[in-house]
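The values are calculated or read from the model by the stated rules, or taken from the named source; none is laboratory data. All values reported here derive from a predicted model rather than from experimental measurement. When we count neighbours, we look across all protein chains shown, and the Cβ atoms used for this are built from the backbone with ideal geometry, even at glycine.
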């Protein structure tokens, strides 16, 4: 139990704590004004959506149109069937991809991006552009950016 003076009024849902001032383009609202990673921060949400090996490549492949499992294997031949199935399941669990089954013989299945999955397009474009800029800067400075 805290001190009475530090308790919020009964009609106050939460108290806002300020840790500093940020560029309003980077932190346009309180959800990003955190002192540590917070799962409700929009940046953390976006990073979780594209994290994981092969995830960005799968999202890229599905941006233009739905594809079947075999189509994805053909487009990404170095990706094992097990990892592909795992990644697709994860993307489905995140609400980024949906599995559609079409009637007929044989039954045809395809994976398609949801509205949330399609919303990642600008992020993927920006990540590519930023990565390219970082590589150019490193090259200009005689350095190599390496995966750690």
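The combined condition, being over 19 Å from residue 98 (Cβ atoms), in contact with a helix residue (DSSP H, G or I) (Cβ under 9 Å, 6 or more places away or on another chain), loosely packed, with under 15 Cβ neighbours inside 10 Å and modelled with pLDDT of 95 or more, is not fulfilled by residue 46. If the condition is being under 24 Å from residue 70 (Cα atoms) and outside any loop (DSSP other than H, G, I, E, B), then the stretch 119-137 contributes 121, 124. Answer with yes or no whether residue 86 is within 21 Å of the chain's Cα centre (by Cα), surrounded by 13 or more Cβ atoms within 10 Å (Cβ to Cβ) and within 23 Å of residue 49 (Cα to Cα). When the stated conditions are applied, residue 86 passes them.
For the stretch 106-128, taking the residues that are surrounded by fewer than 10 Cβ atoms within 10 Å (Cβ to Cβ) and at pLDDT 95 or above, the one that is farthest from residue 46 (Cα to Cα) is identified as 115. Of the residues making up the stretch 33-43, those that are touching a residue at least 12 places away in the same chain (Cβ under 8 Å) and surrounded by 13 or more Cβ atoms within 10 Å (Cβ to Cβ) number 2. Scanning the stretch 25-32 turns up no residue that is in contact with a strand residue (DSSP E or B) (Cβ under 7 Å, 6 or more places away or on another chain), at pLDDT 85 or above and surrounded by 14 or more Cβ atoms within 10 Å (Cβ to Cβ).
Looking at the stretch 89-111, which of its residues are closer than 18 Å to residue 52 by Cβ and out of contact with any strand residue (DSSP E or B) (no Cβ under 7 Å at 6 or more places or on another chain)? Across the stretch 89-111, the qualifying residues are 89, 90, 93, 94, 95.
Taken together, the residues in the stretch 106-118 that are under 17 Å from residue 63 (Cα atoms) and either more than 28 Å from the chain's Cα centre (by Cα) or not in a strand (DSSP E or B) (or both) amount to 5.
Cβ-Cβ below 7 Å, separation at least six or inter-chain, first residue in the stretch 50-62 and on the phi > 0 side of the Ramachandran plot and modelled with pLDDT of 95 or more, second part of a helix (DSSP H, G or I) and surrounded by fewer than 16 Cβ atoms within 10 Å (Cβ to Cβ): which pairs? If the second residue must be part of a helix (DSSP H, G or I) and surrounded by fewer than 16 Cβ atoms within 10 Å (Cβ to Cβ), the pairs left are 54/83. On the stretch given as the stretch 93-105, residues that are without any contact (Cβ under 8 Å) to a residue 12 or more places away in the chain and either over 20 Å from residue 63 (Cβ atoms) or surrounded by 12 or more Cβ atoms within 10 Å (Cβ to Cβ) (or both) total 5.
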